[in-house]
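This report concerns only the one structure given below.
The values are calculated or read from the model by the stated rules, or taken from the named source; none is laboratory data. Here the structure is a predicted model, which is why all the values come from computation and not from measurement. Virtual Cβ from ideal backbone geometry, glycine too; neighbours counted across all protein chains shown. Heavy atoms of the whole protein, side chains included, go into the accessibility calculation; ligands, DNA and RNA do not. Shrake-Rupley method; radii C 1.70, N 1.55, O 1.52, S 1.80 Å.
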2 protein chains.
Amino acid sequence: MNGAESLVNTLVGQGVDICFANPGTSEMHFLAALGNNERMRSVLCLFEGVCTGAADGWYRMKDTPASTLLHLGPGLANGLANIHNAKRASSGMVNIVGEHSASHLKYDPPLTSDIEGLARPLSHWVRRADAADTIAWDTANAVAHASEHPGKIATLILPGDTSWQQAGSAVLPVRARAARKTPSFARVEHVARVLRSGEPTLIILANKATRGVALERAGRIAAATGARLGSQFFTARIERGAGRTPIERIPYAVPQAMAFLEAFRHIVTVETAEPVAFFAYPDKPSLLKAEGTLVHPLVEADEDSALAFEMLLEALGATGTAPRRQERIETPAPSGALNPLSIAHALAAALPENAILVDESLTTGRESMGHTMGALPHDLINNMGGSIGYATPVATGAALACPDRRVFCMVGDGSAMYTIQSLWTQAREQLDVTTIIFANNSYAILKAEYANMGAGSPGARALSMIDIDQPCIDWQAMARSMGVPSVAVDTAEDFHKAMVDSTRERGPKLIVVRL
Amino acid sequence: MNGAESLVNTLVGQGVDICFANPGTSEMHFLAALGNNERMRSVLCLFEGVCTGAADGWYRMKDTPASTLLHLGPGLANGLANIHNAKRASSGMVNIVGEHSASHLKYDPPLTSDIEGLARPLSHWVRRADAADTIAWDTANAVAHASEHPGKIATLILPGDTSWQQAGSAVLPVRARAARKTPSFARVEHVARVLRSGEPTLIILANKATRGVALERAGRIAAATGARLGSQFFTARIERGAGRTPIERIPYAVPQAMAFLEAFRHIVTVETAEPVAFFAYPDKPSLLKAEGTLVHPLVEADEDSALAFEMLLEALGATGTAPRRQERIETPAPSGALNPLSIAHALAAALPENAILVDESLTTGRESMGHTMGALPHDLINNMGGSIGYATPVATGAALACPDRRVFCMVGDGSAMYTIQSLWTQAREQLDVTTIIFANNSYAILKAEYANMGAGSPGARALSMIDIDQPCIDWQAMARSMGVPSVAVDTAEDFHKAMVDSTRERGPKLIVVRL
C-alpha cells in the first residue's frame, strides 16, 4: 500500500466516501488510489470552484464532510472562493491539495507556491503530509476536524513522494466525533426570564437550529411565549414549507432590516450573532437593531441548539406546547408577466414535496421567497459567504447527496457565469438539478447598490461595467454546450410549466427566465 | 476628489490606463471614478481569473502593468491562479482589491476574509490603503513596484471608507522607474573564456532576453562562437520566425530534455536558472543537465541582458559579427488528417506577419512548435506558471495591448474550460483573437503522465477522471453562447483555411479542431 492508497482508505474508513476532483500530474497516484477503491465515489469537475462548492452542497444536506482533490497552489486558489462560502456556512470539508515532492521543491519549479500560505486564511486546519507512514494519521485528523460542530475546513497537502512511497500497515485511529457543547444553564434561565416578560422578542435561528427537532422546539417556544422566530437573510439550510415551523427572514437592505427589527425590545441569538449589514454604506449603520434593543446570546456556534431549546421549554414549563406550524397555502399557477411576485407564485405552485432549493437569485429572488412559505415542505439553501458562483456547484453536491430529491437552483446570470462548468458535471452524473437562470443581462443588484453607496446614478461608462448585455449570453446554447437540455420562458405560466416539466424525467434541465 | 478618484487619477498619471474589472458593492465609488476618467479604459470580465490573466497578457506585450479590480477576498482568490502564472512570467500587475470599511470589519460580515493573507503568497507587495489622503502615495508605490524589472505583483487593498472619503489635493510623486541592474563584469569575462574554449555551450535565454536588441546580440554571440541558443520549454515571450535569431526549445519531457542537454559541456543562464523538470517523478531526476555539465550564470533576473550581451560581444571582440538569423521557410498548406505535424504546418502556413501566438495547447502543441520556426515573424507567449486556464485571458489582454495585430490562442479543451468567460470579453470588445480549441475530449496529457509517474496504466475508473467525453463539450454552442462566431474542422486543409479566414475580418473567432 502506498501513501495515496493509505490516504484514500483512511478517508473511506472515516466515512468520507466522495471526492470532487480535478487532478493533475502530481496527483496520479492519488487518482489511481481513488480508482482502485470501490467504496470511494470520484466526481470529476472541470474547475476547482465546482469541486469545493459541490463539497459544500454535500455537507449542507448530509452534515458530513466530502473531500476534494485540487492540483497544487493554483488548484487550491481556484477553489478558495467557494471554500470561503463553505466556511461561512459552517460546512465541513477535507481538501487534498497535491504538491511537489520535497526533493523537487527546492528547485522552485514553475508550479511552486506557498500552499500553506494560500490555505491558511480560509482553512481551520492545515497540514503537510510529510511521510507515507503517517498519512493515515494525518488524514484521520483532517476528517476529525472537518467533522466538528460547527463544520471545519481541513486542508491536507499531499507531496508526490508521500503519495508514491510505501506506507506501513496503518492502524487507523477512531474518529473523534466532536460532541456539541452543552449550552449555558444561566443563559437559558436568563432567556426564560426575557420571554416571560412578554416584551417583544425575536429569536434568531441559524445553522443547525433551523431544521429538525431544534426547529420544532423553537416552534414550541414561540407558541408558548409569543416570541417571533427569525433568521438572518442568509442561512445554511432551512427546513420550511407546509407543516414546518415558519421563520421570518430579516430583510437584506439596511433600511428594511432596521424597520423589521425596530419592533423588538429583545433579540435572542442561536448559533449566530446579532444582525449586521452585509456591506458598509457611507450613511448607514453596521448594526441593524434599534437603539435600546437588548441582545441575549442563547446558543453559541459550537453548542447544541436542540438541547438548549429543551432546557428552555422546561424552564418555561412549556414542554407540552404544540409547535407553531406553517399552514399549507395552495398557490394557483400564475400567468402573465414575470415579476418577483409571479415568479414566487410559480415557484410555490411548482415545487414538488421534498425539493431542495438553492438560491442565488440576488436581484430577482430577494423579494420572492416570502411568498413560498406555504409551499410543500422543502429545504432552502443560501449563500453564507457572499462570493458569487456558489449556487450551481452547491446544487451539484446537494443532488449527489440526495439522489431521490430534485434540486432547484435559482441563480442570476452574473453569478451563473462564475462556475458555469457545474453544468457539465450535472450532465456527466445525470443529476436531478433544475437550474433556473434569471437573465436580466445585468449585475442588476449593483445598480441599486450604486445609489445606496452614495455614488449617485451611474453614467454611461460606469453603467457599461454593470450591464452584461453586450453581448447577451445565449443560455440555451451554453446549456447545450455542456449537454444539459434547456427551455426559455417569457411568462409566468411558461415558467411554472417548465419547472413542472423538469421534474418529469431524471437528469439536469435548465430554464432561462428572460427578464 | 474622493479616495477612489485619487486612486484612479494616480493610476492614469503613472501610466496605468487600463483596468480589467469585476466590481461589487464595495467598489461602487471606484467604478464611478473609472467611469469619470476618460483616460482610463475599463474592461469588464465575467470572472476574476479573466481579469488577472488579461493583465498578464497586457504586460507581456507592453512591458507596463495593467490594473485589475477585484471584489474583496474571494474576488482576489478567483484571480490568484492567473496571478501565479503572471508572477512566474515576471509580469507586472497592479491589483486593486475592494474591502469593507474599517468600521464595518469588526462585525465580521459575511464577505470578510484575511485579504492580506490571501494576497501575500502570490504578491511581491501588499498594502492596505488606510486613508483617502494618502492613497495617491500608496497607488504610486504600487505602480512603481509593479514596474520594476522583472515585473512585480502589487496588490493594493481599498477599504470602502477610503474610497468615499475626501482626499486632499494630492501631489503625485514621480514614479521611480527601476533601472535594470548592470551585469557583473567578472561573469562576462568568465563566460567569454567559456565561449572561447570552443567546448559545446548552450546559452539559455529567458524573459526580456528572448526579444529585441538582446536577442539580436545573442544571435551575434552565437554566430561568433558557435554556441547554441536555447530557451526553457516555457518562456514569457519570444520573438521568432523568419529574420529573427532562432532559439532552440528544451523539451518538456524529462528523458527528451536530458537527451537534448547531454550534448553540452557548459550551460550559460540569462535571466533564468538551470533547467528543472516541471514535475518530480519517482524514478527521474529534478535537474536535467548531464553529469559534468557546468552551469555559468551570466545575467540574473533583475539585470540587463542587452547590456550583458554588449559587454560579452566586446570581450569576445565580436561586435561586428552579423547575428544568426532564421531563414524563411515557405510551408505549403497541408491536407489530410490532423496530427501534430499537419497542425504545425497549417499554423506555419497561416500565421500572418506580426501575429501573436498564445500557446496552451499542451498535449497537441507540444511537438508542433518546432515546425513553425520559419513562419512569418511573430511573437510566441507561453504559460510560465503551469496553472491551466491562462491562454484565453492572456490572449484577451494581448489583443487589447496590440489592437493592430491578430492573436492566435491555441488551447486544449481541458484548459479552455477553466476561464472560458474570456470569450465574452473578446466579443464585448470585438477583439481580433482567433481561439483554437484542440478538442480531444480528454486531459490527454495526464494519460502519459499517469504512466510516467509509475502509477501503471489507468483502469476504467481512473480513466473516467481523465476523459472529458461524457458529455463531449459542444464548443460551437459554447462560442455562440458568448457571441463568438465559430467553425469546426476535421482536416488539416480545413484547419488552415479556417485560420486564414479568421483574419479576413475584425473581431473574435473560434475554431474547434476535432481530434
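Of note:
- Those residues of the range B:371-385 which are touching a strand residue (DSSP E or B) at 6+ places or on another chain (Cβ under 9 Å), within 23 Å of residue B:445 (Cβ to Cβ) and away from chain A (no Cβ under 14 Å), in sequence order: B:372, B:380, B:381
- Note on the range A:136-172: among residues that are of a type in the set (Ser, Thr, Tyr) and crowded, with 24+ Cβ neighbours inside 10 Å, the one that is nearest to the other protein chains (Cβ to nearest Cβ) is A:163.
- The range B:287-299 residues that are outside the structural domain of residue B:218 (by TED's automatic domain parsing), paired with ones that are of a type in the set (Val, Ile, Thr) and in a strand (DSSP E or B) (beta carbon under 8 Å, 6 or more apart): none
- Taking the criterion of being facing chain B (nearest Cβ under 7 Å), touching a residue at least 12 places away in the same chain (Cβ under 8 Å) and either within 30 Å of residue B:413 (Cα to Cα) or not in a loop (DSSP other than H, G, I, E, B) (or both), the residues of the range A:450-474 that qualify are A:450, A:462, A:468, A:473.
- Complete set of residues in the range B:330-349 that are part of a helix (DSSP H, G or I), hydrophobic (A, V, I, L, M, F, W, C) and open to solvent by 20 Å² or more (accessible area, probe 1.4 Å): B:341, B:349
- Listed by first and then second residue, the pairs linking a residue in the range A:92-105 that is without any contact (Cβ under 8 Å) to a residue 12 or more places away in the chain and under 25 Å from residue A:15 (Cβ atoms) to a residue that is open to solvent by 10 Å² or more (accessible area, probe 1.4 Å) and assigned to a helix (DSSP H, G or I), with Cβ atoms under 7 Å apart and 6 or more places separating them unless they lie on different chains, form an empty list.
- Residue match in the range A:444-453 (condition: in contact with a Pro (Cβ under 9 Å, 6 or more places away or on another chain), farther than 26 Å from residue A:393 by Cβ, outside the structural domain of residue A:255 (by TED's automatic domain parsing) and crowded, with 22+ Cβ neighbours inside 10 Å): yes
- Criterion: open to solvent by 40 Å² or more (accessible area, probe 1.4 Å), of a type in the set (Gly, Ala, Ser) and either more than 25 Å from the chain's Cα centre (by Cα) or within 14 Å of chain A (Cβ to nearest Cβ) (or both) - qualifying residue of B:123, B:103: B:103
- Count of the range A:461-482 residues which are under 27 Å from residue A:351 (Cα atoms) and open to solvent by 40 Å² or more (accessible area, probe 1.4 Å): 3
- Each residue in the range A:285-300 was checked for being of a type in the set (A, V, I, L, M), assigned to a strand (DSSP E or B) and open to solvent by less than 40 Å² (accessible area, probe 1.4 Å), and 2 pass.
- Candidates in the range A:350-373 are the residues that are assigned to a helix (DSSP H, G or I) and not β-branched (Val, Ile, Thr); of these, the one that is surrounded by the fewest Cβ atoms within 10 Å (Cβ to Cβ) is A:370.
- Taking the conditions (1) facing chain A (nearest Cβ under 9 Å); (2) in a helix (DSSP H, G or I) in turn, residue B:500 satisfies each one other than (1).
- Residues satisfying the stated conditions in the range B:483-505, i.e. touching a residue at least 60 places away in the same chain (Cβ under 8 Å), of a type in the set (A, V, I, L, M) and either open to solvent by 30 Å² or more (accessible area, probe 1.4 Å) or not assigned by TED's automatic domain parsing to the domain that holds residue B:412 (or both): B:500
- Strands (runs of 3 or more DSSP E) contained entirely in the range B:14-85, each with at least 2 residues that are crowded, with 24+ Cβ neighbours inside 10 Å: B:18-21, B:66-70
- Positions within the range A:55-96 being of a type in the set (A, V, I, L, M, F, W, C) and away from chain B (no Cβ under 13 Å), in sequence order: A:55, A:58, A:61, A:66, A:93, A:94, A:96
- Close Cβ contacts (under 7 Å, 6 or more residues apart or on different chains) running from residues in the range A:386-414 that are more than 14 Å from every other protein chain (Cβ to nearest Cβ) to residues that are of a type in the set (Lys, Arg) and surrounded by fewer than 24 Cβ atoms within 10 Å (Cβ to Cβ) comprise A:401/A:62.
- Within the range A:361-376, residues that are farther than 14 Å from residue A:238 by Cβ sit with their Cβ atoms under 9 Å from residues that are among the aromatic types (Phe, Trp, Tyr) and crowded, with 23+ Cβ neighbours inside 10 Å, at 6+ positions apart or across chains, in these pairs: A:361/A:438; A:362/A:438; A:362/A:443; A:363/A:438; A:363/A:443; A:364/A:438; A:365/A:438.
- Tallying residues that are away from chain B (no Cβ under 14 Å) and within 18 Å of the chain's Cα centre (by Cα) within the range A:227-246 yields 4.
- Checklist (1) at the interface with another protein chain (Cβ under 9 Å from one of its Cβ atoms); (2) open to solvent by 10 Å² or more (accessible area, probe 1.4 Å) applied to residue A:133, failing item: (1)
- Only one entry of B:327, B:310, B:314 meets the criterion of being of a type in the set (Asp, Glu), in a helix (DSSP H, G or I) and surrounded by fewer than 17 Cβ atoms within 10 Å (Cβ to Cβ), and that entry is B:314.
- Identification of helices (runs of 4 or more DSSP H) wholly contained in the range A:94-178 with 1 or more residues that are at pLDDT 95 or above and in contact with a Leu (Cβ under 6 Å, 6 or more places away or on another chain) yields A:115-119, A:135-146.
- The set of residues from the range B:1-21 being closer than 23 Å to residue A:473 by Cβ and more than 9 Å from chain A (Cβ to nearest Cβ) comprises B:19, B:20.
- Among the residues of the range B:415-449, just one is modelled with pLDDT under 95, in a loop (DSSP other than H, G, I, E, B) and within 10 Å of chain A (Cβ to nearest Cβ), namely B:443.
- Inter-residue pairs, beta-carbon under 7 Å, first farther than 20 Å from residue B:513 by Cα and in the range B:438-449, second among the hydroxyl-bearing types (Ser, Thr, Tyr) and part of a helix (DSSP H, G or I), 6+ apart: B:449/A:25
- Check on residue A:209, out of contact with any Cys (no Cβ under 9 Å at 6 or more places or on another chain), part of a helix (DSSP H, G or I) and under 30 Å from residue A:11 (Cα atoms): yes
- Evaluation of residue B:5 against the conditions (1) in contact with a helix residue (DSSP H, G or I) (Cβ under 7 Å, 6 or more places away or on another chain); (2) open to solvent by 10 Å² or more (accessible area, probe 1.4 Å); (3) under 25 Å from residue B:407 (Cβ atoms); (4) acidic (Asp, Glu) shows that the sole unmet condition is (3).
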